[in-house]
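The values are calculated or read from the model by the stated rules, or taken from the named source; none is laboratory data. Given the structure is predicted, the values throughout are model-derived calculations rather than measurements. Ideal geometry is used to build each Cβ from the backbone, glycine not excepted, and the neighbour counts take in all protein chains shown.
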Amino acid sequence: MIRLRVSRCPKALLNGPCGGAFNEKCEVTGNPCPWLKILEGIHYLDGATFFNEHPLLMEIEKIPSREVKPKHSNFWSRVEKGKALSIEFPIAAIRNEVEIAEVITKTNSNLYTIPDNPLGCPHFSSTAFATYLKHFGIEVMPHLTAKDKNLAALTAELKTAVLFNFEVVLLTTGDWPSLTLPSRPVFDLDSANMIRLARLIFNGVLPTKETFEVEERPRVAGTLNPHYRPRVEAQRIARKLTAGVELFFTQVVATKQSVARIKETFIELKKYTNVEVPVMVSLLYPISDNIKLLLRKMAIQTGNDTFEEVLEEVKALDIAGGVNLIVLSRNLDVWLNLWREAYEKIREVFK
Ligand code: SF4
């Protein structure tokens, strides 16, 4: 077993790439991502067991612990039927508690997801926000990233997730933190090792080697990028599966072909593992010409497929646990109207 690090990766990631390369170029430097090339070259090796992971976490994994059962949730029951709906909370559109309550009373979702400072643009603490939302009796999934939190901070966030009974946590490496605001990046861990850390903490074992009682735990979700080549992406997600991920949320897809790439990635994945987990497919609404321009800049494929056509393709995907809806607007009234439109379309296809 070896441990790999490449000097040309600005996040100094261990054992594999982040999900942020655009057209195979690094999101930070604009140069070809060295990790993608490496994974292309070693695809014939078993990427899931080839590498040593974070040394401290591997040591802690030897501490005996019991396997804590996941918390029962309505969201997970819907995922098992392939009919779950999650929505990304409109953090850029809300200004106060009244508006937060308005979003909850006027929308209908099995799970509310809370992003963690996307593109390095500061919003709210995702775990603090999720803790507040729990008082409304809804199911929540904060996103946690390693971009601006070190091992100690991530441990505290994951303990918070246990204490306040979150249904799911989404763990991802994260964008470069200073894309919007100059700030020093952290990247103590990557997504696979964050998943490893979460499974340890959710079983009651801390990186300090202390143990604590956990009755039931949140589910652990990771991200999948269908815009990477399936051969590369399959190796990335194989590492996450080995680490203990139970569900994937995809990067936004805007065409039927991108939905087909999810399937291709899972076919490729069979070379590495037989573990199968469901996928929540992320869709943006609306997909206007302006949005398409933005998506293309992010190396996300666009075309002429309608929202409904992409939805039909998702419905036919046998690994789909449902749809993760992201509605784009900074104005709450506009956001709510768009949400209603998208919800009707989803209900029509998934009835
Ligand atoms: S795209 Fe991600 S993995 Fe690749 S070099 Fe840049 S930061 Fe590193």
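I'd like to check something: does the stretch 70-89 contain any residue that is free of Cβ contacts under 8 Å to residues at least 12 places away in the same chain, within 21 Å of the chain's Cα centre (by Cα) and in a helix (DSSP H, G or I)? Scanning the stretch 70-89 turns up at least one residue that is free of Cβ contacts under 8 Å to residues at least 12 places away in the same chain, within 21 Å of the chain's Cα centre (by Cα) and in a helix (DSSP H, G or I).
Can you name every residue in the stretch 97-127 that is free of Cβ contacts under 8 Å to residues at least 40 places away in the same chain and under 19 Å from Arg184 (Cα atoms)? Of everything in the stretch 97-127, those that are free of Cβ contacts under 8 Å to residues at least 40 places away in the same chain and under 19 Å from Arg184 (Cα atoms) turn out to be His123, Phe124, Ser125.
Checking each residue in the stretch 327-344 for being surrounded by 16 or more Cβ atoms within 10 Å (Cβ to Cβ) and without any contact (Cβ under 8 Å) to a residue 60 or more places away in the chain picks out Leu328, Leu338, Ala342.
Which of (1) surrounded by fewer than 19 Cβ atoms within 10 Å (Cβ to Cβ); (2) away from the ligand (no atom under 16 Å from the Cβ) is the odd one out, the single condition Asn110 does not satisfy? Only one criterion is unmet by Asn110, namely (1). Give the stretch 247-297 a look and list any residue that's in contact with a helix residue (DSSP H, G or I) (Cβ under 7 Å, 6 or more places away or on another chain) and among the polar types (S, T, N, Q), or say none. Correct list: Thr250, Thr255, Thr265, Thr273.
Looking across the stretch 132-183, just one residue is under 23 Å from Asn324 (Cβ atoms), surrounded by fewer than 18 Cβ atoms within 10 Å (Cβ to Cβ) and within 16 Å of the ligand (Cβ to nearest atom), and that is Leu179.
Results for (1) touching a strand residue (DSSP E or B) at 6+ places or on another chain (Cβ under 8 Å); (2) modelled with pLDDT of 95 or more, shown as yes or no for each residue.
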site	(1), (2)
Ile237	yes, no
Leu247	yes, yes
Glu264	no, yes
Glu268	no, no
Leu317	yes, no
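Hey, among the residues in the stretch 28-60 that are acidic (Asp, Glu) and either modelled with pLDDT of 85 or more or closer than 21 Å to Leu197 by Cβ (or both), which one's farthest from the chain's Cα centre (by Cα)? Top of the filtered list is Glu59.
When the residues of the stretch 172-191 are narrowed to those that are free of Cβ contacts under 8 Å to residues at least 60 places away in the same chain and more than 27 Å from Leu57 (Cα to Cα), which ends up nearest to the chain's Cα centre (by Cα)?
Step one: of the stretch 172-191, the residues free of Cβ contacts under 8 Å to residues at least 60 places away in the same chain are 178, 182, 184, 186, 188.
Restricting the remaining residues to those that are more than 27 Å from Leu57 (Cα to Cα) gives 178, 182.
Numbers: Ser178: 20, Pro182: 24 Å.
Top of the filtered list is Ser178.
Annotation note: Cβ proximity below 9 Å between a residue of the stretch 20-34 that is over 13 Å from Lys297 (Cα atoms) and of a type in the set (S, T, N, Q) and a residue that is modelled with pLDDT under 85 and exposed (fewer than 15 other Cβ atoms within 10 Å of the Cβ) (sequence gap 6+ or interchain) occurs for Thr29/Arg8; Asn31/Arg8.
Please pick out the residue among Pro64, Pro10, Pro90 that is modelled with pLDDT of 85 or more and more than 16 Å from the ligand (Cβ to nearest atom).
The unique qualifying residue is Pro90.
Glu276 passes every criterion in (1) assigned to a helix (DSSP H, G or I); (2) farther than 26 Å from Arg330 by Cα apart from (1).
When the stretch 105-141 is examined, which residues are found to be in a helix (DSSP H, G or I) and of a type in the set (A, V, I, L, M, F, W, C)?
Of the stretch 105-141, the ones in a helix (DSSP H, G or I) are 105-106, 118-120, 126-134.
Those that are in a helix (DSSP H, G or I) and of a type in the set (A, V, I, L, M, F, W, C): Leu119, Ala128, Phe129, Ala130, Leu133.
Which of the residues that make up the stretch 274-313 are under 13 Å from Lys345 (Cα atoms) and of a type outside the set (D, E, K, R)? Leu283, Leu284, Tyr285, Pro286, Thr306, Phe307, Val310, Leu311, listed by residue number.
Within the stretch 18-42, restricting attention to residues that are part of a helix (DSSP H, G or I) and out of contact with any helix residue (DSSP H, G or I) (no Cβ under 8 Å at 6 or more places or on another chain), which residue is farthest from the ligand (Cβ to nearest atom)?
Just the residues of the stretch 18-42 that are part of a helix (DSSP H, G or I), to begin with: 34-41.
Among the residues that remain, those that are also out of contact with any helix residue (DSSP H, G or I) (no Cβ under 8 Å at 6 or more places or on another chain) are: 34-35, 37-38, 41.
Working: Pro34: 6, Trp35: 4, Lys37: 10, Ile38: 10, Gly41: 15 Å.
If we take residues in the stretch 18-42 being part of a helix (DSSP H, G or I) and out of contact with any helix residue (DSSP H, G or I) (no Cβ under 8 Å at 6 or more places or on another chain), then Gly41 is farthest from the ligand (Cβ to nearest atom).
For the stretch 229-246, the set of residues classified as over 13 Å from Thr273 (Cβ atoms) and touching a helix residue (DSSP H, G or I) at 6+ places or on another chain (Cβ under 7 Å) consists of Pro230, Arg231, Val232, Glu233, listed by residue number. Evaluated against (1) under 16 Å from Ala84 (Cα atoms); (2) assigned to a loop (DSSP other than H, G, I, E, B), Ile326 falls short on exactly one condition, (2).
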